[in-house]
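Engineer: Here it is, the structure, as structure tokens.
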Amino acid sequence: MDARALELLELPAILERLAAATASEPGQAEALALAPSDDPGDVTERQRLTTEAVALLDHAAEPELGRVREVRPAAELAERGSTLDASALRAIASTVEQAVAARLALEAFGETPGLAAIADAIDPRLRSLAEAIDRAVEEDGSDLRDGASPALRRLRRELREGRARLTERLQRLARDPALREHLQDDFVTTRAGRPVLALRASARGSMPGIVHDSSGSGQTLFVEPFAVVEDSNRLREAESAERDEVARILRELSAAVGSGADRLVALVEAVGKVDLAVACGTLSRAWRGAQVSIGHNVVLRGARHPLLDPAVAVPIDLELGDLRALVISGPNTGGKTVALKTLGLAALLHQCGLRPPADEAALPVFDALLADIGDEQSIAMSLSTFSGHVRNLVAILEGAGDRSLVLLDEVAAGTDPVEGAALAQALLSRLAHQARLTVATSHYPELREWASATAGVANAATGFDPETQEPLYRVTLGRAGTSHALRIAERLGLPADVVEDARTHVAPERLRVAELLAEAEAAEGQAAEARESATSEHAAAERARAAAEARVAELEQEIERVRASAQAEREKAVLGTERELADARGELEALRDEIRAARKLERDRRRASTPAALAKERERDRRLGAASERAARAGRAIRDADEPLAQMAPLAAGDPVVAPELGVRGTIVEVGREEAVVVGRGGLRVRVPIARLRPDRDAAADAVPEQAVTIRATTPTDAPDELDLRGRTAQEARETLRAFVDTAALAGRFEVRVIHGRGTGAIRSAVRDELARHPLVVSHESESADGATLVRLGG
């Protein structure tokens, strides 16, 4: 690919954005060095890796690579026998640990064979090297751990103890009253690595010792007392031994790194490739890139320039099929150059392994992209605008082949219009036969006429709104555009009389052609708006129909559920009533026995009127009264039970009911599985078994019908089926999840996904807890290696 063309199409800016999306140092280097491939097989493989990366991102299963460093230079130094410092060794250990974890994560995911094949170059046996470094080197890489070896532990303990003893002896000397008055300060410091006291120069003879330094004024001498010289010498010896032991350990670890240098280099290269693929997936996913169909035709639908703000960028459609050349005309600042760059960047992104931002795309794999865009004027090189363009055109003609894409902005401009138009026509005629596709922008009417009359060549126009007098930034194939130069000049503030005078100098037939083209453009715009409106209405109708069908299905399921529940309650009530009827009959028979016994007592009384007989008479009266009352209740229960059971219906809140055997009458306010809450007279609330309740027909007959109230709720039809909670706090995740589930259930969705990532597990725990509490959640289960949760909803 021509390096100058890549710069003109701003590919380096895309690569900078791609590098920012990587997680590791090797991945960043791979992104910045990425170049389009002209090999169809290589392009297909790159796109396959990007597709696998998108699948990882969709399941929140991308591997962590943030601690992988560029350790190849250090490994190569170690291989040549150099000794690495602690920070370099720590970087190697961190790189190995995270690279091996990434390989295991890809193997566990199991749906990315291409990325897993790349990760096969990561040798898990290097973990033993990482573990050895981890045991010896501090976590921050600042130094070796005391436990790196038994000898180092012992030496450092001796150093700590020796320094403490030496400091204590010097402090005792400094506190000696005979010496204190001669000291400049009472603190202990060091000079040339030796402990010293600050002594006044005038009192040099008051403290025997070695002078190691003096102050700038000469008033203070830094003296090491003879009393501590021996201790200081032993401390220096221990320090030297400690340095030797540290150097020995570093040499051993560096030698281990050197012996595995080839495997380390392969590991870093593999991580860089995996990280690059994930970054390509991240960027492609962020700008909603389309998978490209590789073939001979050129088709872009809804294509957007990736560097423009997506909120304001106008998508373009270029359905070029097997055209050999396209001439785009239209007003200045109307989007002609943006259309050129959008096509060129789409091809470059595809061949780099990225998905171009578009709704649909089909592209060949070009072996060269040649472009002449912008002003080539150069004072230093004595080149005018026209001369600079011609020089570029010469190079393009020499380099274009049957798989080349050529982009020309304002072809052959900057010279005499008649000669420039003739030159442009000749160039495009040659390139239409020489290159796979040539796209040129131009204001030359002769070039538009040539495009209309030549097979394999077509016109395209950028839109212009006649009402607002502003460009529409849309590209329409099949017709030529007009420059609208006079209208734009007038809109930009050129005096009206100057513009009107200019119109008088334009040939009438030219003005008439421009007017006809403008009318055709306006009619086409109106037709497009009508078509878009009809499409939008059709889509809305389809969504409404789907929502209605879903609601009907939901209501049918609810009706079936209620019917089944009512049937179960009815059968349960029938069995309860039969049991109550049997109990009542048994109780009535017992009461009859008691009445017969009471009558027998009466006969006995008449036979003998003794005191004992009088006592029996009183007992008989008491038992007879109680039996009569129970018999009356049992009789009422039997009469109620004998009512036709087929007429019973499930009881519900608001029904007037009566429990005859309990003496309860009132209105149901709450119905449970076994019991109901009934509000009786005076507002008393009691719980009564449902089996003992009967409809209160007397109260129902006296009830005054109430006016029915209908509640209508709007069902959303565009509720999302996926929620991404990564980056939120646990409380934010809970609140967002509740609203998401409510909206999805109201929209009739039965299954949704919640992405929470793995991380520390805080968001995942909050999500699971909230789902367990939510009344609309039927079930939920983990997926994507526990980075997401699948949720099933119920009505």
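The values are calculated or read from the model by the stated rules, or taken from the named source; none is laboratory data. Just so it is clear, the structure is predicted and the values come from calculations on it, not from any experiment. Ideal geometry is used to build each Cβ from the backbone, glycine not excepted, and the neighbour counts take in all protein chains shown. The accessibility values were calculated without ligands, DNA or RNA, using every heavy atom of the protein model including side chains. Shrake-Rupley method; radii C 1.70, N 1.55, O 1.52, S 1.80 Å.
Engineer: How far apart, in nanometres, would the label points at Arg175 and Arg200 be if each is projected 7 angstrom from Cα along the Cα-to-Cβ direction?
Structural biologist: Using points 7 Å along Cα→Cβ, the separation is 2.3 nm.
Engineer: What is the percent carbon and sulfur in the accessible area of region 723-784, measuring with a 1.4 Å probe over the protein chains and ignoring ligands?
Structural biologist: 50
Engineer: Based on the Cβ-Cβ distance from Ser82 to Asp143, what FRET efficiency comes out when R0 is 22 Å, to the nearest 0.05?
Structural biologist: In this case the efficiency is close to 0.70.
Engineer: Roughly how big is region 60-136's charge dipole about its Cα centre, with Cβ charges of +1 (Lys, Arg) and -1 (Asp, Glu), in debye to the nearest 20?
Structural biologist: 260
Engineer: Hey, can you rank 192-199, 77-84 by average C-beta count inside 10 Å, highest first?
Structural biologist: 192-199, 77-84
Engineer: Which order do peptides 444-451, 745-752 fall in by mean Cβ count within 10 Å, highest first?
Structural biologist: For the peptides 444-451, 745-752, the packing ranking is 444-451, 745-752.
Engineer: How much length is gained if the chain between Ala266 and Val664 is pulled fully straight, taking 0.36 nm per residue apart and subtracting their Cα-Cα distance, in nm to one decimal? Walk me through the intermediate numbers first.
Structural biologist: Values: separation 398, 0.36 × 398 = 143.28 nm, distance 8.53 nm.
Length difference between fully extended and current span is 134.7 nm.
Engineer: Averaging sequence separations of C-alpha pairs under 8 Å and six or more residues apart, then dividing by the length of region 1-67, give the relative contact order as a whole percent.
Structural biologist: Once normalised by length, the contact order is 29 percent.
Engineer: Would you mind classifying region 208-319 by shape? Square roots of the alpha carbon gyration tensor eigenvalues, ordered a ≥ b ≥ c; an a/c under 1.5 is rounded, otherwise it is prolate if a/b is larger than b/c and oblate if not. Could you put the intermediate results ahead of the total?
Structural biologist: On the way: a/c = 8.15, a/b = 2.69, b/c = 3.03.
In terms of gyration-tensor shape, oblate.
Engineer: Taking a ≥ b ≥ c as the square roots of the Cα gyration tensor eigenvalues, with a/c under 1.5 meaning rounded and otherwise prolate when a/b beats b/c, else oblate, which class fits region 78-144?
Structural biologist: prolate
Engineer: In whole percent, and with a 1.4 Å probe on the protein chains, what portion of the accessible area of region 173-220 is carbon and sulfur?
Structural biologist: Reported share for carbon and sulfur atoms: 48 percent.
Engineer: Using the per-residue mean of other Cβ atoms lying within 10 Å as a proxy for protection, in what order, highest first, do the peptides 723-731, 19-27, 455-463 fall?
Structural biologist: Highest to lowest by the protection proxy: 19-27, 455-463, 723-731.
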